[in-house]
Amino acid sequence: MDDSFIEMVEANASYQYKVDFVMERFANIEEKIVASEKTDEEKINLLKAVNLLKPMMFKSLRRQLINEMIRANLKAREDEF
């Protein structure tokens, strides 16, 4: 099997693992906020803040995946020459 293909598959699996991990962490944080003894207004503000962080985190993870895919592709091209 082509090494670059294997690297791309590994990068994708790593990305999926990171996404699952981050989703689980956000769910834990949200549960702790809801279970806390804070006022409803404080809870709402904290949950809003968490929801603002999610897109930034996933954008960062996507960027990492793209960089790993590009690296694997460039390595494959170098190996051809």
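The values are calculated or read from the model by the stated rules, or taken from the named source; none is laboratory data. Given the structure is predicted, the values throughout are model-derived calculations rather than measurements. So basically every Cβ, Gly included, is an ideal-geometry build from the backbone, and we count neighbours across all protein chains shown.
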Determine whether the stretch 13-21 contains at least one residue that is at pLDDT 90 or above and loosely packed, with under 12 Cβ neighbours inside 10 Å.
yes
Matching residues in the stretch 51-72 - criterion: being more than 13 Å from the chain's Cα centre (by Cα) and surrounded by 14 or more Cβ atoms within 10 Å (Cβ to Cβ)
Glu68, Met69, Arg71, Ala72
State yes or no: is Lys54 in contact with a helix residue (DSSP H, G or I) (Cβ under 8 Å, 6 or more places away or on another chain), in a helix (DSSP H, G or I), free of Cβ contacts under 8 Å to residues at least 12 places away in the same chain and not aromatic (Phe, Trp, Tyr)?
no
Lys38 passes all but one of (1) part of a helix (DSSP H, G or I); (2) modelled with pLDDT of 90 or more; which number fails?
(1)
Only residues in the stretch 3-22 that are among the charged types (D, E, K, R) count as the first member; pair them with residues that are part of a helix (DSSP H, G or I) and surrounded by 16 or more Cβ atoms within 10 Å (Cβ to Cβ), Cβ under 9 angstrom, at least 6 apart or cross-chain, and list the lot.
Asp3/Ala72; Glu7/Glu68; Glu7/Met69; Glu7/Ala72; Glu10/Glu68; Glu10/Ala72; Lys18/Leu61; Lys18/Leu65
Identify all residues within the stretch 22-46 that are of a type in the set (A, V, I, L, M), surrounded by 13 or more Cβ atoms within 10 Å (Cβ to Cβ) and closer than 17 Å to Met57 by Cα; write none if there are none.
Val22, Met23, Ile29, Leu46
